[in-house]
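Beneath this line is the structure, given in C-alpha cells, with notes to follow.
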Amino acid sequence: MTTYMCGGHCSGWMVKVMAAQNGCNPGADMAARTVQLVMEQVYLVLGVATVEAVLRAAIKTAAQRYPFLDRLSQLTLASEIPAHLCRYFPDIAPDELLAAMDALLQECIAAVRELTGDIMLGPISEEISWRLDQAKQEDKLY
Amino acid sequence: MRQVQIMRAGTGGAINSWRFIKEAAACVATAPNPAAALSQLLDIALLALDAPAGAVIRMDDEAAALLTRHEVRTLVAARGLSPYAQQHIRELPAALASLGTLAALTTITDLALYTAVPPFAALLEEGFASAFIGSLGASDRLQGYLVFWHRDCGHFDRLDQRMLAALLAQFSAVVQWGIPADKEPELPTHGETLAPALNAVAATRQLQRIKDAGQVFVAATDRTQVHHALIATLKQTCHFAACAILLFDSEGGSELTVVARHPLSAAFVHDTVHHVVRAATRIGLPALSPEPLAQTLYLDAPDDIADDATLNEPPADRVRSFMANPLFSKNKPIGILGLADDGENMFNEEHLRFFSVIADYAAVALENVRLREDERRLWEAAMLEHQRLELVIASMAEGLIIVDEVGRITHLNPVARNLFASAAPGAREWQSLAHLTGQSDAPWIAAVGEILSASLTGKVVMNHELLAGATIDSVPLTLSVSSAPCRDASGRLLGAVAVLNDITHVKQIDRLKDEFVSVVSHELRTPLTSIKGYTQHLLRRMERQSQAIGSDRDPGAPSPLASYEYRSLSIVQSQAEHLERLVNDLLDLSHLQRGRLPLHPAPFKLGDVLAEVVRWAQISTEQQVIQLEIHADDTTVVGDRARIMQVIGNILDNAIKYSPEGGVVKASLDANPLEFVISIADQGIGINPDAQEQIFDRFYRVNDLISRQYSGIGLGLYVARAIVEAHGGRIWVESQEGQGSIFSFTLPRLPHIGHSGANKQGC
C-alpha cells in the first residue's frame with residue numbers, strides 16, 4: 001500500500017473502485033488523481049501559472065529517476081494527468097508506474113511546502129481526506 | 001459616513017451598519033466565554049470602524065476579579081499593535097484617569113491632547129495619531145476601556161456616533177456577562193451568522209487594497225519604487241521582517257534583493273536566501289548556490305517603510321515563517337517573491353491569496369522597469385552613436401552633403417559649408433536642392449545639384465570632376481564629387497549622400513608633372529636624334545660597302561653585314577628607336593594632357609608597317625622569336641602611319657619585355673569587311689584580371705613583385721589607346737596570369753580620324 005501526505009492508505013476498496021472506473025493501473029491512477037487534487041488546491045490560491053510551473057518542475061525532477069515521465073511534459077494542465085495515464089504509459093510495468101506517480105506526487109507536495117510553508121498543507125490534506133471519504137461512501141452505495 | 005460607504009459599496013446595500021451591529025450581537029450570543037466574545041467583537045469592530053488597531057482593557061482589579069474566573073488579563077484583547085505598543089497601553093487606565101472622567105465615547109484628535117497621554121505618545125511613534133475611547137461597564141461602574149486607533153487624525157470624527165454607541169453597548173454587555181450570574185444581561189439573539197457579513201466587508205477591503213496596489217505599481221518607474229510599492233502594499237495585510245525578490249534575466253543571470261522592514265541578523269538573511277533558492281528550484285528556475293547569492297545580494301532598508309515598532313528590538317534571528325510566489329512574465333517564471341518573518345505562523349491563507357495577487361502586479365511592474373531600463377540603454381547607445389557620427393561628419397576632410405528623399409538638405413558638414421561659402425553663402429540645412437542651386441550662378445553648384453538629383457533616382461556617380469572656380473597657382477579649384485542613394489533594409493529610398501573632395505592639389509601636381517615630362521622629353525629628344533641619325537648613317541654606309549663588294553667577295557669570307565660591328569650598330573639603332581618611342585610617348589602624353597594629339601592621315605599598307613616593326617623588333621632581340629602572320633590581301637588603310645607604327649612598336653616592346661627566354665611572340669593581321677584586327681600574343685607573365693581594366697591608364701604599372709622587375713614608365717599602352725581611339729578603333733587585352741597575353745586593336749577600313757580626347761575624367 002502507498003502512503004500519501006494526508007496519512008491515508010491506498011486500501012483494497014479504493015483499488016477496487018479505481019479498477020472499476022477505468023481498468024488502468026489503479027494505484028498509479030490514484031496517485032495521479034491525488035496530484036490533480038493537490039494542484040487544484042494550489043490553483044485556487046496561487047493561480048494556473050504557478051500550477052503549471054510547479055508541475056513541470058516536478059515532472060522534470062521525477063523524470064530523473066523515471067525517464068518515461070517526460071511523456072507528461074506535453075500536457076498543459078494537471079487535470080489532464082489522470083485522464084492520459086493509460087494512453088501515455090501502456091508499456092510501463094504497474095509497479096514502476098505507481099512508484100513514478102508517487103515520486104511525482106511527493107515532488108508536488110514538496111514544492112507546495114517550499115512555496116507556502118504549512119499554510120496550504122493542512123487544507124490540502126483535509127480536501128484529500130474528504131474526497132477519500134466521499135469515494136468511500138460511493139463504494140458503500142455500490 | 002465612511003464606514004457605511006465601505007459596507008454599502010462592497011455588498012450592494014445588502015448590509016448596513018445597523019444590521020452589522022445586530023450580527024455582532026449574535027456572535028456574542030454564541031461565544032463560549034467572555035474573553036472569546038470580546039476578541040471576536042474586537043475583530044468585528046475593527047472592520048466596522050476601518051481601524052488598524054484596537055484593544056480592550058480592564059479598568060481595575062475589581063473588574064479583573066470579576067472576570068478572572070474566565071482567565072482574562074489586563075489587556076483583554078489587542079489587534080494591530082506591536083509588543084512594544086501593547087506594553088505601553090497596559091498603563092493606559094492610569095493615564096486616562098489623569099484626564100478626569102471621560103464621556104462614554106471620547107474621540108481624541110487633538111495632537112497636543114493625544115500626546116499628553118503617555119501611552120498614546122508611544123503609539124504616535126508607530127504612526128497612530130488619533131484614538132477613539134469607549135468606556136465599558138455599567139452606568140455606575142467603569143470596568144474598562146475599548147480603544148481604537150487610526151493613523152488619520154480626523155478618522156473617528158467621521159463615524160456614526162450612534163453606531164459607535166451600539167458597538168460599545170455590545171462590549172459592555174459582554175463585560176457585564178462576566179459579572180455573577182444573578183445579573184445576566186439580556187443579549188439579543190439573531191438567527192443569522194456573522195460570517196457572510198465579515199467576508200463581504202473583508203472582501204471589499206481587500207478589493208480596495210488590490211485596486212490601490214495596482215495604481216501604485218503602474219506608477220513605479222524604477223526598481224526602488226517597485227520595492228516601495230511592494231512593501232507598502234503588503235504591510236497593510238500582514239507583518240513581515242523582510243521581502244526577497246529573486247529575478248532571472250534572459251541570459252540566465254540572477255539578482256537577489258532583500259528589502260528589510262526590521263533589523264535582520266546574518267542568519268536570517270542566510271535563511272531567507274536558502275528558502276528563496278529552494279522555492280525557485282521547485283518552479284523550474286535554474287538551480288543556484290545559496291552561498292554566493294547571499295554574498296552578492298542587494299540589501300535595501302528604506303526608512304519610510306521600516307517597521308518602527310520593531311526598530312528597537314533585537315534583529316530577527318532566523319526565519320520561522322516564509323511564503324513565496326513565482327513571478328511570471330509571458331507565462332514563464334522569471335523569479336520568486338518571498339516574505340519572511342521570525343515569528344511563528346505569521347501568514348495564513350488569506351495573506352497567501354493577497355500575496356499572490358500582489359506578486360502578479362510586482363512581476364508586471366518589474367518587467368516594465370526592465371523594459372524601461374533596456375529602452376534607456378538602447379537610447380543612450382543610439383545617442384552615443386549619433387554623437388559619434390556627428391563627430392565623424394564634422395571631422396571629415398571632405399565635404400559631405402546628405403539630402404532626404406524629397407531633396408531637402410539634412411546634413412552639411414563644415415567642409416561643405418566652406419566650399420559653398422563663396423558661391424552659395426546661404427547654403428544651410430533643411431534647404432531644398434532647388435533653392436541651393438537657385439541662389440547661385442556658379443555652374444558647379446548646379447552640377448552638384450544634378451548629381452544629387454540623379455542619385456535620388458538611384459544612380460551612383462563616382463569621381464565626377466568639377467571646376468569650382470578660383471585659381472591657385474593657375475590651377476582652378478577642382479572637386480571630385482561622388483554620390484550615391486541611401487536605402488533602408490527594405491530597399492526604400494531614404495535620400496542621397498554626396499562627398500565633395502578637393503583635388504586641386506592633385507591637379508597641381510599633375511600639371512607640374514606634365515610640364516616636367518614635356519621639358520625633359522624635349523631635352524632628351526635632341527641628343528637622341530643625333531644618336532639615331534649617326535647610327536643610321538653608319539649602317540647605310542656598311543650596307544653600301546657590302547653592295548659594292550658584291551660578287552668580288554671571297555665566297556669563304558663573311559659578309560660585312562654579318563660582322564659584329566654591323567650587328568652592334570643595328571642593336572644601337574633599334575634601342576635608339578626604342579628610346580625614341582619612349583620619349584615620343586612622353587611628348588605625346590603632354591600633348592594629350594593639353595587635349596590635342598596631332599595626326600597626319602594618309603593611305604598606307606598596314607601589313608607593310610606591321611612587317612617593318614616586326615623586323616626591327618626581331619633585330620633588337622636575340623632571345624625571343626617573333627612570328628608574323630598576315631591573313632589579308634589588301635591591307636590599305638587611311639591613318640597616321642607613324643602613329644600606327646608607334647602603337648605596334650609599344651605593344652611589341654611589351655610582348656618582348658615580358659616574354660621568357662626562348663619565348664615566341666606572334667603578330668597577326670586579320671581582316672573583316674569593316675575593320676582590320678592586329679593581335680600580338682606573347683608567352684609572358686600575363687596580367688591579373690584586376691589590372692586588365694587599368695592597364696591602359698597612364699603611368700599604370702601592375703603592382704606585383706614580378707612586374708616591378710621590368711622597366712617601363714607605364715605610358716606606352718596609354719598612348720597606344722589614345723592613338724587607336726583617335727583612328728576610330730578600339731584596343732583590348734586578353735590575358736591569363738602565368739600564361740601570356742594577347743593585345744589586339746582594330747582600325748576601320750573607312751577613315752575615321754579625329755583628335756584624341758585628352759582627359760577622360762574631365763568635365
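The values are calculated or read from the model by the stated rules, or taken from the named source; none is laboratory data. Here the structure is a predicted model, which is why all the values come from computation and not from measurement. Because the Cβ atoms are built from the backbone with ideal geometry, glycine has one as well, and the counts that use them run over all protein chains shown. For accessibility, only protein heavy atoms count, side chains too; no ligands or nucleic acids. Shrake-Rupley method; radii C 1.70, N 1.55, O 1.52, S 1.80 Å.
Some notes on this structure:
- The single residue among B:V647, B:V637 that is of a type in the set (A, V, I, L, M), crowded, with 18+ Cβ neighbours inside 10 Å and not in a strand (DSSP E or B) turns out to be B:V647.
- B:L674 being within 20 Å of B:G729 (Cβ to Cβ) and without any contact (Cβ under 8 Å) to a residue 40 or more places away in the chain: no
- Checked against (1) more than 16 Å from A:A32 (Cβ to Cβ); (2) modelled with pLDDT of 90 or more; (3) among the charged types (D, E, K, R), A:E126 meets all criteria but (2).
Residue-by-condition table, conditions (1) surrounded by fewer than 19 Cβ atoms within 10 Å (Cβ to Cβ); (2) out of contact with any strand residue (DSSP E or B) (no Cβ under 7 Å at 6 or more places or on another chain):
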{"position": "B:W430", "(1), (2)": "yes, no"}
{"position": "B:W444", "(1), (2)": "no, no"}
{"position": "B:I451", "(1), (2)": "no, no"}
{"position": "B:A454", "(1), (2)": "yes, no"}
{"position": "B:G469", "(1), (2)": "yes, no"}
{"position": "B:R492", "(1), (2)": "yes, yes"}
{"position": "B:D502", "(1), (2)": "yes, no"}
{"position": "B:H505", "(1), (2)": "yes, yes"}
{"position": "B:D514", "(1), (2)": "yes, yes"}
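- Number of residues in region B:657-675 that are of a type outside the set (S, T, Y), closer than 11 Å to B:I626 by Cβ and modelled with pLDDT under 90: the value is 1.
- Hits in region B:383-414 - residues which are closer than 27 Å to B:G438 by Cβ, open to solvent by 90 Å² or more (accessible area, probe 1.4 Å) and of a type outside the set (A, V, I, L, M, F, W, C): B:E405, B:R408
- Taken over region B:592-620, the criterion of being more than 17 Å from B:G639 (Cα to Cα), surrounded by fewer than 18 Cβ atoms within 10 Å (Cβ to Cβ) and within 58 Å of the chain's Cα centre (by Cα) is satisfied by B:R594, B:G595.
- Residues in region A:102-118 that are farther than 14 Å from A:M39 by Cβ and at the interface with chain B (Cβ under 7 Å from one of its Cβ atoms): 2 in all.
- Options B:D342, B:D300: the member that is over 30 Å from A:I124 (Cα atoms) and in contact (Cβ under 8 Å) with a residue 40 or more places away in the chain: B:D300
- Within region B:494-516, tally of residues that are outside any strand (DSSP E or B) and under 30 Å from B:S482 (Cα atoms): 13
- Residue in region A:36-47 that is more than 14 Å from every other protein chain (Cβ to nearest Cβ) and in contact with a helix residue (DSSP H, G or I) (Cβ under 6 Å, 6 or more places away or on another chain) present: yes
- Exactly one residue among B:I549, B:I531, B:I451 is part of a helix (DSSP H, G or I) and under 17 Å from B:G407 (Cβ atoms), and that residue is B:I451.
- Odd one out for B:M396, checked against (1) within 11 Å of another protein chain (Cβ to nearest Cβ); (2) modelled with pLDDT of 90 or more: (1)
- On the stretch given as region B:243-287, residues that are in contact with a Phe, Trp or Tyr (Cβ under 6 Å, 6 or more places away or on another chain) and among the β-branched types (V, I, T) total 1.
- Test set (1) at pLDDT 90 or above; (2) open to solvent by 20 Å² or more (accessible area, probe 1.4 Å); (3) more than 35 Å from the chain's Cα centre (by Cα) - B:P425 fails condition number: (1)
Here is a yes/no grid of residues against (1) within 26 Å of A:R56 (Cβ to Cβ); (2) more than 14 Å from chain A (Cβ to nearest Cβ); (3) open to solvent by less than 20 Å² (accessible area, probe 1.4 Å):
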site: B:E291; (1), (2), (3): no, yes, no
site: B:D300; (1), (2), (3): no, yes, no
site: B:D303; (1), (2), (3): no, yes, no
site: B:A324; (1), (2), (3): yes, no, yes
site: B:A365; (1), (2), (3): yes, yes, yes
site: B:A381; (1), (2), (3): no, yes, no
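- Output for region B:335-346, where each listed residue is open to solvent by less than 20 Å² (accessible area, probe 1.4 Å) and either at the interface with another protein chain (Cβ under 10 Å from one of its Cβ atoms) or under 42 Å from the mean Cα position of the chain (by Cα) (or both): B:G335, B:I336, B:L337, B:G338, B:L339, B:A340
- One residue stands out in region A:49-93 among those that are part of a helix (DSSP H, G or I) and basic (K, R): the one that is farthest from the other protein chains (Cβ to nearest Cβ), namely A:R87.
- Note on region B:265-282: among residues that are within 14 Å of chain A (Cβ to nearest Cβ) and under 19 Å from B:L230 (Cβ atoms), the one that is nearest to the chain's Cα centre (by Cα) is B:A280.
- Hey, B:F217 within 14 Å of chain A (Cβ to nearest Cβ), aromatic (F, W, Y) and either open to solvent by 10 Å² or more (accessible area, probe 1.4 Å) or farther than 25 Å from A:A111 by Cα (or both) or not: no
- Candidates B:M396, B:M383 - the one that is more than 30 Å from B:L479 (Cα to Cα) and of a type in the set (A, V, I, L, M, F, W, C): B:M383
- Of the set (1) hydrophobic (A, V, I, L, M, F, W, C); (2) surrounded by 12 or more Cβ atoms within 10 Å (Cβ to Cβ); (3) away from chain A (no Cβ under 14 Å), all apply to B:A359 but (3).
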